[in-house]
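Okay, structure first, notes after.
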Amino acid sequence: MNILQIEDLCVSIGDREVLKGIDLFIPRGEVHTLFGPNGSGKTTLLSAIMGFEGYRVTRGKIIFNGVDITELPTYERARLGLGISFQKPPAINGVKLKQLAQICAKEDGKRLEEFAEMLNLKEHLEREVNVGFSGGEVKRSELLQLLLQRPELVLLDEPESGVDLENIAIIGEAINILLGKKVASTEEKSIKRIKEERKKAALLITHTGHILDYVDADRGHVLLNGKIVCSGNPREILSTIKDHGYEECYRCFKDEFKGG
Amino acid sequence: MGNEIERIVKEIKDEAPPRSEEEIKRLSEEERNLLLKTGIDILGKNRCGLFFQHDHSVIKCESMVDGVEVMDIEEARKRYGLEEYWWKLIPPDKDIWTKRAAEHQEHGYFIRSFEGAKVTYPVQSCLYLSMDRLAQDVHNIVIAEEGSELHIITGCAAGPHVRSGLHVGISEFYVKKGAKLRFTMIHNWAEEMAVRPRTVVVVEEGGSFESNYICLLPARDLQMYPTAILSGKDAVATFNTVLLAKEGSYMDTGSRVVLKKEGCRAEIISRAVSVGGTIIARGHLVGEAPGVKAHLECKGLLLSPKGVIHAIPELEGRTSDLDMSHEAAVGKIAKEEIEYLMARGLTEQEATSLIVKGFLSIDIEGLPDELKREIDGLISTVEKEGL
Ligand SMILES: Nc1ncnc2c1ncn2[C@@H]1O[C@H](COP(=O)(O)OP(=O)(O)OP(=O)(O)O)[C@@H](O)[C@H]1O
Ligand SMILES: [Mg+2]
C-alpha cells in the first residue's frame with residue numbers, strides 16, 4: 001500500500017502556478033529522492049504536502065495512508081504521521097531547542113539526551129531555536145526534532161546542504177534511525193516495533209546526492225518546471241544529471257513525450 | 001491630563017479605614033493567590049524580610065536577617081531623619097502626581113542593606129489595594145550601603161473587588177559604592193486603575209542596579225519613566241520590562257539611564273505584547289562621559305489589529321567616544337514561525353502561545369519559580385482571550 005499518493009496536483013503561489021499536475025506514489029518502507037534545478041518547485045511540493053499557507057491547491061489531491069489530507073490543517077497532518085525537515089527553518093526567539101524537542105517527543109522524552117548527544121547538539125539544547133545556529137547545526141537540529149517526533153513519512157528538504165563531510169555521516173545515520181533501518185545504539189525495541197518502523201518512508205530532496213552515500217534510496221524523480229519528467233533508479237538519474245545536466249532531462253522528456 | 005484619568009481621579013477617595021496585622025490571617029485564598037502572582041508569598045519562607053501595606057495601613061514589617069532592615073517609612077524618618085534621602089532625587093513639584101504624593105502620602109517602605117551585607121533571599125514588599133476607588137500614595141526609600149547586595153520583590157496588586165483606583169508611588173533608591181540592588185516589580189492592577197510610579201535611582205562607583213518590571217494584567221492608565229543616574233565610575237544599570245496590554249489598557253512606560261562617568265554601562269530591554277491595548281515603549285540613554293557603553297532594545301508584538309505599540313527609543317550623546325546603540329522592532333508573529341511549530345504537531349493556538357511566551361521570556365534572574373509559572377499561565381490565558 002502507498003503511504004503517499006499524490007494525484008494530478010496543481011499548486012499556485014499567489015497567481016502563479018508552480019506545480020502543474022504532479023503524480024507521485026510512495027509505497028510504505030521506500031525512500032524516494034526528488035531532483036530538480038533551483039526554482040523547479042521541490043520545496044513547494046513538500047510545503048503543499050504539509051499544507052502550509054500560501055500554497056494553494058487548485059487541482060488534484062494528496063492522500064496519506066488512505067486519508068485525503070488535501071484540506072487538513074498542518075498540525076493534523078503532523079499528528080497523522082507526517083514530518084518535515086525544513087530547507088530554511090525560521091528562528092524562534094526565546095524558545096529553547098530543548099523545549100521544542102520536548103514538544104516533539106511528547107511522552108518519549110528520555111531519548112532526547114541520547115539523540116542530542118549523537119547529533120552533537122547537547123549544548124544547543126539550552127539555546128534558542130535556530131538563533132545563531134550555523135548551517136550544519138540547523139540541519140542537525142531539524143533531525144533531532146524529527147527523531148523525537150517519529151513521523152511515518154518524512155519529508156527531507158536538502159538535509160545535507162551546507163553540512164561538512166563528517167556531519168553528513170551523522171545526518172545519514174540519523175535518517176536511517178528515523179526510518180527504522182538502523183537501531184539506535186542503546187535502544188531496545190520489540191520485534192513488532194521494528195517491523196512497524198520498517199514501513200516508514202521518506203521523500204528526500206538533494207542536489208549533490210551526497211546523502212545517498214549513507215541512505216539507500218529506492219526510486220528517484222526529476223522535477224522540472226513544476227512537472228515530474230522522469231522517474232527511475234535514483235543513482236542512474238543522479239549520474240545522468242551529473243554528466244549531462246538537467247538539459248538532458250528536458251531532452252529525454254521531450255523525446256518520450258513525442259514517442260508516447 | 002487625559003479625560004479618562006481625570007474621571008478616575010474625580011471619583012477617588014483619600015481615606016481608608018485602619019487595618020491591623022490580623023488582616024493578613026484573614027486574607028482569602030483568592031487574595032493570597034492574587035498576591036502570589038505578584039511574587040508575594042505571605043505564607044512562604046524564602047525571603048529575608050517582608051513589608052505589607054494594606055490600603056493606608058502598614059500591617060506587617062519585619063526583617064529575618066541581620067544584614068537588612070525593613071521599616072515603615074514614617075518610622076524610619078522618625079528614627080533616622082533621612083533628610084539627605086527624602087525628596088532628594090525627585091523634586092516634590094515635578095508634576096501633579098509628585099505634588100499629590102507630597103500632600104497625601106500614606107506610608108511606604110524603607111529598606112536598607114547594611115555595609116557589606118549579602119542577602120540571599122529577596123525582601124518581599126507588597127502594596128495592596130483592597131478598596132474600590134481608593135487612592136494610595138506611597139513614598140519608598142531603598143538604600144544598598146557600600147558593598148552590600150540586596151534583592152527586593154515588590155508586588156503591587158488590587159484586590160478582587162477593586163475596579164477603579166489610583167496608585168502613586170514615589171521611590172528614591174540609593175545604590176552606594178560597589179553595592180548591588182536588584183529590584184523586581186510586578187504590577188497586577190485592576191481594569192479601571194490609574195497608576196503613576198515615580199522612580200529615580202542613583203548608582204555610585206562600581207555599583208549596579210537591575211530593574212525587572214512585569215505588568216501583564218490590565219490597567220486603564222499607567223505612566224512611568226523610571227530613571228537611573230550612574231554617578232560613579234563603572235556603575236551599571238539594567239532595565240528589563242515585560243508588558244502585556246489588553247483592550248482598554250493604556251501603558252506608557254519607559255526606562256532612562258544617565259551615564260555620567262567613564263566605564264559606566266547600561267542596558268534597557270523591553271518586550272511589549274498588545275492584545276488590543278495601547279503600549280508606548282520608551283527608552284532613553286544619555287551618555288555624558290567618554291567610553292561609556294549602552295544598548296537599548298524595544299521589541300513589540302501585536303496580536304490584535306486593535307492594538308497599538310509605539311516604540312520610542314532615544315539615544316542622547318553629550319560627548320564623543322560613546323558606544324550607544326538601539327534596536328527596535330514592532331510587528332506581528334511571522335506566519336513561518338507558526339507553521340514551523342504546527343509541522344511539529346502544535347495547533348495554531350499552541351504555536352502562537354509558545355512564540356508569545358518565548359518573546360516575553362527575557363531571563364530575569366532570581367525570579368521565584370512560583371512566579372515564573374504564574375507568568376507563563378497568565379500569558380496563556382490572556383493570549384487565548386485576546387485572539
Ligand atoms: N512565497 C513565495 N512567493 C513567491 N514565489 C515563490 C514563493 N515560494 C516559492 N516561490 C517560487 O516558486 C518557484 C519554486 O520554488 P521552490 O522553493 O519550490 O523551488 P525549489 O525547487 O525548492 O528550489 P531550490 O532548489 O532553490 O530550493 C520559484 O520560482 C520560487 O521563486
Ligand atoms: Mg527548495
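Every read-out reported here was derived from the displayed coordinates using simple, explicitly stated rules and does not represent laboratory data. Worth saying up front: this structure is predicted, and the values here are computed from it rather than measured. Virtual Cβ from ideal backbone geometry, glycine too; neighbours counted across all protein chains shown.
The protection proxy used here, the mean number of other Cβ atoms lying within 10 Å of each residue, ranks peptides A:77-84, B:48-55 as follows, highest first: B:48-55, A:77-84.
On the beta carbon distance between B:ARG7 and B:ILE42, with R0 = 35 Å, the FRET formula returns roughly 0.55.
Reported value for the protein assembly as shown: 194 Å³ per residue, from the convex hull of its C-alpha atoms. Peptide A:45-51 shows a mean partner chain C-beta count of 1 within 10 Å per residue C-beta. Shielding by partners for peptide B:330-338, expressed as the average number of C-beta atoms from other protein chains within 10 Å of each residue's C-beta, is 3.
Positive contributions from Lys and Arg (+1) and negative ones from Asp and Glu (-1), summed over other residues with Cβ under 15 Å from the Cβ of B:THR278, come out at -1.
Peptides A:157-170, B:77-90 ordered by packing proxy, namely the average of other Cβ atoms within 10 Å per residue, highest first: A:157-170, B:77-90. Using only the Cα atoms of the range B:2-333, build the gyration tensor, take square roots of its eigenvalues as a ≥ b ≥ c, and label the shape rounded, prolate or oblate: rounded if a/c is under 1.5, else prolate if a/b is larger than b/c, else oblate. Because a/c hits 1.5 or more and a/b fails to exceed b/c, the range B:2-333 counts as oblate.
How much length would be gained if the chain were fully extended between A:ARG56 and A:GLU113, taking 0.36 nm per residue of separation minus their Cα-Cα distance, in nm to one decimal?
Separation in residues times 0.36 nm, less the Cα-Cα distance, equals 16.7 nm.
Under 5 Å from the amide H of B:HIS326 lie the amide H atoms of B:LEU296, each residue being 5 or more positions distant or on a separate chain, with H modelled from the backbone and absent for Pro and chain starts. A Förster distance of 45 Å, applied to the separation of the beta-carbon atoms of B:ARG79 and B:ILE333, puts the FRET efficiency at 0.25. Under 5 Å from the amide H of B:GLU267 lie the amide H atoms of B:ALA237, B:THR238, B:PHE239, B:HIS295, each residue being 5 or more positions distant or on a separate chain, with H modelled from the backbone and absent for Pro and chain starts. Counting Lys and Arg as +1 and Asp and Glu as -1 over every other residue whose Cβ lies under 9 Å from the Cβ of B:HIS54, the net charge comes to 0. Over all other residues within a Cβ to Cβ distance under 15 Å of A:LYS242, the charged ones net out to -4, with Lys and Arg as +1 and Asp and Glu as -1.
Computed 3J(HN,Hα) for the range A:168-178, one whole-Hz value per residue from the Karplus formula 6.51 cos²θ - 1.76 cosθ + 1.60 where θ = phi - 60°, is 4, 4, 5, 5, x, 5, 4, 5, 5, 5, 4, glycine and proline marked x.
When B:MET185, B:MET224, B:MET131, A:MET1 are arranged by Cβ crowding within 10 Å, least crowded first, meaning fewest neighbours, the order is A:MET1, B:MET131, B:MET224, B:MET185. When the C-alpha to C-alpha distance is required to be over 21 Å, the pairs from B:LYS118/B:LYS176; B:LYS60/B:LYS88; A:LYS20/A:LYS254; B:LYS13/B:LYS99; B:LYS37/B:LYS299; A:LYS20/A:LYS61 that qualify are B:LYS60/B:LYS88; B:LYS37/B:LYS299.
So if I take the centroid of the Cα atoms in the range B:215-285 and the same for the range B:92-164, what is the distance between those two points in Å? Between the Cα centres of the range B:215-285 and the range B:92-164 lies a distance of 18 Å. Shown for the range B:190-344 is the translational diffusion coefficient from the Stokes-Einstein equation, using the Kirkwood radius over Cα pairs, a temperature of 4 °C and a viscosity of 1.567 mPa s: 80 µm²/s.
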